[in-house]
1. Residue 21 - would you say it is over 30 Å from residue 89 (Cβ atoms) and open to solvent by 70 Å² or more (accessible area, probe 1.4 Å)?
2. Counting only residues that are open to solvent by less than 80 Å² (accessible area, probe 1.4 Å) and of a type outside the set (Gly, Ala, Ser), how many does the stretch 24-42 have?
3. Just to be sure, is residue 63 assigned to a helix (DSSP H, G or I), of a type in the set (Asp, Glu) and at pLDDT 95 or above?
4. Considering only the stretch 43-60, how many residues are surrounded by 10 or more Cβ atoms within 10 Å (Cβ to Cβ) and part of a helix (DSSP H, G or I)?
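The values are calculated or read from the model by the stated rules, or taken from the named source; none is laboratory data. It should be emphasised that the depicted structure is a prediction, and the values quoted were computed from it without experimental measurement. Here the Cβ is made from the backbone with ideal geometry for all residues, glycine too, and neighbour counts use every protein chain on show. Accessible surface areas use protein heavy atoms only, side chains included; no ligands, DNA or RNA. Shrake-Rupley method; radii C 1.70, N 1.55, O 1.52, S 1.80 Å.
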Amino acid sequence: MPREEIRSDRSASQAGSYFFNTLQEMSRDWMTRTTAEVELGLKLSKKLTAAHSVPDAVAAYQEWLNEEMGARAEDARLLMSNGQKFMDASSRFLSSGWTNVGMTT
């Protein structure tokens with residue numbers, strides 16, 4: 001096997017590994033966010049169950065809404081960050097794949 005072909009195979013393998021690792025990282029990030037969302041909902045339900053008056057319930061909803069808005073801002077930041085990571089990993093993966101097409105024939 002010519003030396004250039006071996007290097008390009010390694011490059012493709014590294015790019016594929018980088019792409020896969022990026023997808024795993026994105027998945028972990030979103031699972032963390034999903035877990036936080038469930039915990040936020042449970043926290044609200046506990047506070048509403050413990051509320052003894054309308055002002056207590058309103059205070060619980062206000063606290064939940066503040067935390068929910070913060071969570072939505074974090075989701076937007078994560079979406080933009082992960083979108084950029086995905087585009088970088090995709091272009092790296094595809095560019096290594098496209099350069100290999102001409103070398104393997």
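1. Details: over 30 Å from residue 89 (Cβ atoms): no; open to solvent by 70 Å² or more (accessible area, probe 1.4 Å): yes.
It is false that residue 21 is over 30 Å from residue 89 (Cβ atoms) and open to solvent by 70 Å² or more (accessible area, probe 1.4 Å).
2. The first filter runs over the stretch 24-42 and keeps only residues open to solvent by less than 80 Å² (accessible area, probe 1.4 Å), leaving 24-27, 29, 33-37, 40-41.
Narrowing further to those that are of a type outside the set (Gly, Ala, Ser): 24-26, 29, 33-35, 37, 40.
Matching residues across the stretch 24-42 total 9.
3. Working: assigned to a helix (DSSP H, G or I): yes; of a type in the set (Asp, Glu): yes; at pLDDT 95 or above: yes.
When the stated conditions are applied, residue 63 passes them.
4. Pass one, the stretch 43-60, residues surrounded by 10 or more Cβ atoms within 10 Å (Cβ to Cβ): 43-48, 50-51, 56-60.
Those left that are additionally part of a helix (DSSP H, G or I): 43-48, 50, 56-60.
The number of residues fulfilling the criteria is 12.
So that you can scan it fast, the table gives a plain yes or no per residue for (1) modelled with pLDDT under 95; (2) closer than 22 Å to residue 85 by Cβ; (3) touching a strand residue (DSSP E or B) at 6+ places or on another chain (Cβ under 6 Å):
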| position | (1), (2), (3) |
| --- | --- |
| 1 | yes, no, no |
| 9 | yes, no, no |
| 21 | yes, yes, no |
| 26 | yes, yes, no |
| 30 | yes, yes, no |
| 46 | no, no, no |
| 58 | no, no, no |
